[in-house]
Amino acid sequence: MSFDPTLWRPAPLLPARTARPFWLLWLMAALCCVAGLALVACVIVARADQAATPRLSGQITVAAAPSALESADAAAARAAEMIGQTPGVASTRVLDPAPIDRLIGAVLWAPAKAPAGGAGRLITVAYAPGARPDSAALVRALRAQEISARIDDHGAWSGPVERARLLSGLGLAIVLMATLAAIFGAATAAARSGLMLQRDRFRLMHRMGATDGYLAGLLSRAVSAGVIAGAIIGAGTAGALAYWALRHGLRGPIAGLKLDIGYWALLAVLPVPPIAAGIGAIAGRRAAMAVVRRFP
């Protein structure tokens, strides 16, 4: 059997799948799915806030709940008339029903259970200049007339709706920041572990004249490929889950908002892959450079 030298090729110094750990793909998919869902939640909170802001006018907003013996309109009319007779109150107005009222009512009544007649109608109350009636006294007076009510004083923390806005925004910001930090950490760990697995090969290339930037670039591109693939899978999963939930699966107070945010779910997850790819490239290169520069 003869040997044909033209068929012989030297083995590559680096394998084809340089520093591309398999776990990175699925970890990035999970992290980017969480980030995508958090961005969808940001859209929901923003649109709900946009719909709720016009309902929270005046100095306070009162949710008057009907009893079993009267309608919501009758309970709201009685409550508005009684509040209007309170010293220091300039005007009251019963707001026409809107889909967002169900969510506002759920926030105002939480954690207590709303009456059987529902969360009720919203009444906006304006005070006379310089006047500040006691909100707790208003609630007690309404209760004396057998009208269940909740009050939002529009304070940044004392108002239930405003507090819910603040906490939801803060919670989503924490989730997004933690997810971005986890993506950075995972890309860093992937670059370091990939380099350690091929440490002898990289050291040999370094001794043969390969620059630090070239070696770090090999690792960075391999890590970025895993990050991008995982980000696309995770963002696509988040978009599909959010679209299905917003169109078919939602229950409770938010289900009747009719904010037409189904398609926004697809748009909200679009920034996830490029952001994750940028973070992965930066983290991978920094980690690779830190290790390569320690080669003798």
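The values are calculated or read from the model by the stated rules, or taken from the named source; none is laboratory data. As the structure is a computational prediction, the values presented were derived from the model and not from experiment. A quick note on method: Cβ atoms are made from the backbone with ideal geometry, for glycine too, and the neighbour counts reach across all protein chains shown.
When Ala178, Ala182 are checked against the criterion of being without any contact (Cβ under 8 Å) to a residue 60 or more places away in the chain, within 24 Å of the chain's Cα centre (by Cα) and surrounded by fewer than 18 Cβ atoms within 10 Å (Cβ to Cβ), Ala178 stands alone in meeting it.
With respect to the stated conditions, Arg150 is farther than 30 Å from Val227 by Cα, basic (Lys, Arg), touching a strand residue (DSSP E or B) at 6+ places or on another chain (Cβ under 6 Å) and outside any loop (DSSP other than H, G, I, E, B).
Have a look at Ala245, Ala210, Ala255 and point out the one that is within 20 Å of Ala35 (Cα to Cα) and either part of a helix (DSSP H, G or I) or modelled with pLDDT under 85 (or both). If you could, list the steps in order and put the result at the bottom.
On the way: Ala210 fails: within 20 Å of Ala35 (Cα to Cα); Ala255 fails: within 20 Å of Ala35 (Cα to Cα).
None of the others qualify; the one that does is Ala245.
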